[in-house]
Amino acid sequence: MAAQDGLMDTFWELMHLSTPPVDPTPLTRSHKFLLLQGYIYVTLGISFMAASDMVLQMIGHGVPTVEESSMFQMVGAALVIIGYFYMQMAKSNTELLLATTVFDRLVILPPLIIFGYFTGAPTSVSVFFVLADPLIALLTWLSWHHDPARVQKGSKSK
């Protein structure tokens with residue numbers, strides 16, 4: 001019974017969203033922006049899972065088939081997981097993870113979305129993701145590039 005309690009404690013510790021950051025310094029503006037993106041992804045994912053038909057119609061797809069609706073619910077589940085990871089990455093307070101998310105979303109994601117479009121993904125969904133995610137990545141880069149904490153850190157090391 002004690003081993004089971006320890007396992008449950010570990011599970012709740014891993015799942016608890018309000019865990020303190022790894023770095024005890026306050027989150028930079030860029031990391032707060034990444035945390036916000038995580039919350040947005042989780043919210044979008046839950047809405048895709050709960051109301052996929054309505055969301056697809058809102059982005060101009062029209063009335064989806066049962067297969068499209070089910071596929072979009074799986075996309076929603078993936079967005080929840082991605083959003084959760086963004087929230088946890090933001091708490092790391094490291095520049096490496098910011099750089100990684102920007103790189104992934106500007107270099108890796110667009111070709112994958114374009115490939116998906118040419119292999120049958122809905123046009124409206126493809127256009128939404130190929131435009132929205134790189135735009136958010138650029139906003140993340142701008143936030144990181146102009147972050148006062150980053151500028152101060154760079155000037156102290158000179």
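The values are calculated or read from the model by the stated rules, or taken from the named source; none is laboratory data. For clarity, every value in this text was computed on a predicted model and none was experimentally measured. Neighbour counts are summed over all protein chains in view; Cβ atoms, including those assigned to glycine, are modelled from backbone coordinates with ideal geometry.
Observations, loosely collected:
- With respect to being over 20 Å from Leu36 (Cβ atoms) and at pLDDT below 90, Val125 fits the description.
- Close pairs from region 131-145: first under 14 Å from Leu34 (Cα atoms) and in contact (Cβ under 8 Å) with a residue 24 or more places away in the chain, partner acidic (Asp, Glu) and in a helix (DSSP H, G or I), Cβ under 6 Å, at least 6 apart: none
- Residues in region 95-125 that are of a type in the set (Val, Ile, Thr) and surrounded by 13 or more Cβ atoms within 10 Å (Cβ to Cβ): Thr101, Val102, Ile113, Ile114, Val125.
- Residue check: Ile59 meets all listed conditions (1) of a type outside the set (S, T, N, Q); (2) in contact with a Phe, Trp or Tyr (Cβ under 8 Å, 6 or more places away or on another chain); (3) closer than 20 Å to His146 by Cβ but one, namely (3).
- Residue in region 99-111 that is under 29 Å from Trp144 (Cβ atoms), modelled with pLDDT of 90 or more and over 16 Å from the mean Cα position of the chain (by Cα) present: yes
- Members of region 61-110 found to be of a type in the set (Val, Ile, Thr) and free of Cβ contacts under 8 Å to residues at least 60 places away in the same chain, listed by number: Val63, Thr65, Val66, Val75, Val80, Ile81, Ile82, Thr100, Val102, Val107, Ile108
- The set of residues from region 31-73 being farther than 18 Å from Gln88 by Cα, buried (at least 16 other Cβ atoms within 10 Å of the Cβ) and of a type in the set (Val, Ile, Thr) comprises just one member, Val55.
- If the condition is being closer than 24 Å to Met74 by Cα and part of a loop (DSSP other than H, G, I, E, B), then region 101-150 contributes Thr119, Gly120, Ala121, Pro122.
- Check on Leu27, closer than 11 Å to Lys91 by Cα, in contact with a Leu (Cβ under 8 Å, 6 or more places away or on another chain) and modelled with pLDDT of 60 or more: yes
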